[in-house]
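Step one of this worksheet: look at the structure below.
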Amino acid sequence: MQTTQAFPSKLPNVGTTIFTVMSKLAADTGALNLSQGYPNFNTDPVLIELVAKAMRDGHNQYAPMPGVPVLREAIAQKTARCYNVAYNPETEITVTTGATEAIYAAITTVVQPDRSAGPDEVIVFEPAYDSYVPAIELSGGKPVFVSLDAPGSAIDWNVVRGKITDRTRLIIVNTPHNPTGYVWTTDDLNQLADLVQKHNLFVISDEVYEHLIFDERVHHSLMQHPLLRERTFVVGSFGKTFHTTGWKIGYCLAPTDLTAEFRKVHQFVTFSVSTPMQYALAEYLRNPAPYEALPAFYQRKRDLFLQSIHHSRFQFVPSEGTFFQNVSYAGITSEPDYDLAVRLTRDIGVASIPVSVFYHDRTDHKTLRFCFAKDDETLVQAGERLTRWSLNQ
């Protein structure tokens, strides 16, 4: 018997995410799953053994709400090593249940629904990761969208300036950017800093792909800009860095005053994060080699996938970062991207994500996103199938 919903939905336009839909379709059809962003290979056995050791050592009860001290210290040391920026592990670093929770908590911390001029507005660059807007709306805020230039996905800062109003409170940044692979430049940081200072804004910087960056580019973290560092929640992810997306462990770096408010939200969202995994990650971070090897590791996979579709009719600009590659099929068919993604999953056994789902109005540039965090055999097979299909159209 179906019950009648007795209350209005807070997210009336939200259904099951495209990642769940496409991964289920891939599983149901036996397709190669290049849709959802997770590796199909395991993490380092050394890290797995460290988790087991932490369990044997008795680290199996609640962790402190901000994260175990040794992990927060390890994050501080890694941050100093990579970016020459100092965060206090006691007052400026919080371990979270994945980056998505950190983003949600930061949005909830900053965004207010009922200021005198109306709800706070939040600048969102589209295409955008799909958790940003629901979190804004749940906090009573209003998302304001800025589309990235195609195909290079650079930011038109004149457009951004035109979107700023007296109600603008927050800007959400993602670099390297999912799904386009765009990597921010120092000019982007300077342009953003000018707006932050002029309009008294806060920033959330989603930097979960910080180590997945290619072709000798450099990741410019917002924490490296003195002005931005004081106004920004920087979000990181061990899931992306160490091939452990299922562990759901991330972290947030922010100045003391912002962290104090952030933790008020965090403690009532998840309170604390898996204890043995935190101890294992703290020990694993002592060796920088695993994360320092990531750019070359994933660039080779990107290049392998692109080589496998080199003779196809797809068009692409090599991804600058992340483990995603967008490809255009505009010269092959005018089919809507959602329909084509479903059809390719069923007909040739390759699952992808239609990029239109990253836009609030479902803008369709005839582009599909493929995840290349897969073993070599999967990437080659997927490329061969996509090439054959494109040449037969």
Matching entry among R217, R161 (being surrounded by fewer than 19 Cβ atoms within 10 Å (Cβ to Cβ) and in contact with a Gly (Cβ under 8 Å, 6 or more places away or on another chain))
R217
Does the range 7-20 contain at least one residue that is farther than 30 Å from F202 by Cβ and either assigned to a helix (DSSP H, G or I) or at pLDDT 95 or above (or both)?
yes
Can you tell me how many residues within the range 208-252 are under 16 Å from T108 (Cα atoms) and not hydroxyl-bearing (S, T, Y)?
5
Helices (runs of 4 or more DSSP H) fully within the range 275-393 counting 2 or more residues that are surrounded by fewer than 19 Cβ atoms within 10 Å (Cβ to Cβ)
289-292, 294-308, 337-347, 376-391
Which residue, of P66, P45, is in contact with a strand residue (DSSP E or B) (Cβ under 9 Å, 6 or more places away or on another chain) and either closer than 30 Å to P226 by Cβ or loosely packed, with under 13 Cβ neighbours inside 10 Å (or both)?
P66
Sole miss for F271 among (1) closer than 30 Å to S328 by Cα; (2) among the aromatic types (F, W, Y); (3) not in a helix (DSSP H, G or I) is condition (1)
Quick one: in the range 255-281, which of the residues that are of a type in the set (F, W, Y) and out of contact with any helix residue (DSSP H, G or I) (no Cβ under 7 Å at 6 or more places or on another chain) is modelled with the lowest pLDDT?
F271
Determine the pairs where a residue that is of a type in the set (F, W, Y), located within the range 221-242, has a partner that is crowded, with 22+ Cβ neighbours inside 10 Å and part of a loop (DSSP other than H, G, I, E, B) with Cβ atoms under 7 Å apart, the partner being 6 or more residues away or on another chain.
F233/A254; F238/T244; F238/I249
Just to be sure before I move on: is F214 in the same structural domain as S153 (by TED's automatic domain parsing), modelled with pLDDT of 95 or more and in contact with a Lys or Arg (Cβ under 7 Å, 6 or more places away or on another chain) in the structure I sent?
yes
Within the range 25-41, is there a residue that is in contact (Cβ under 8 Å) with a residue 60 or more places away in the chain, closer than 26 Å to D361 by Cα, in a helix (DSSP H, G or I) and assigned by TED's automatic domain parsing to the domain that holds A341?
yes
Within the range 220-248, tally of residues that are among the basic types (K, R), surrounded by fewer than 24 Cβ atoms within 10 Å (Cβ to Cβ) and in contact with a Gly (Cβ under 9 Å, 6 or more places away or on another chain):
1
Condition test on D149, is it surrounded by fewer than 21 Cβ atoms within 10 Å (Cβ to Cβ) and not hydrophobic (A, V, I, L, M, F, W, C)?
yes
Is there a residue being touching a residue at least 12 places away in the same chain (Cβ under 8 Å), acidic (D, E) and over 20 Å from P66 (Cα atoms) anywhere in the range 245-261?
no
Just to be sure I understand the filter: pairs with C-beta atoms under 9 Å, separated by 6 or more residues or on different chains, first member in the range 109-138 and surrounded by fewer than 21 Cβ atoms within 10 Å (Cβ to Cβ), second member among the aliphatic types (A, V, I, L, M) and assigned to a loop (DSSP other than H, G, I, E, B). Which pairs pass?
P119/V111; E126/L148; D130/V14; P134/L11; P134/V14; L138/L11
Scanning the range 83-96 for residues that are buried (at least 16 other Cβ atoms within 10 Å of the Cβ) and either assigned to a loop (DSSP other than H, G, I, E, B) or out of contact with any His (no Cβ under 8 Å at 6 or more places or on another chain) (or both) gives Y83, V85, Y87, P89, T91, E92, I93, V95
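The values are calculated or read from the model by the stated rules, or taken from the named source; none is laboratory data. The model shown is predicted, which means the values in this text are computed figures rather than measured ones. Here the Cβ is made from the backbone with ideal geometry for all residues, glycine too, and neighbour counts use every protein chain on show.
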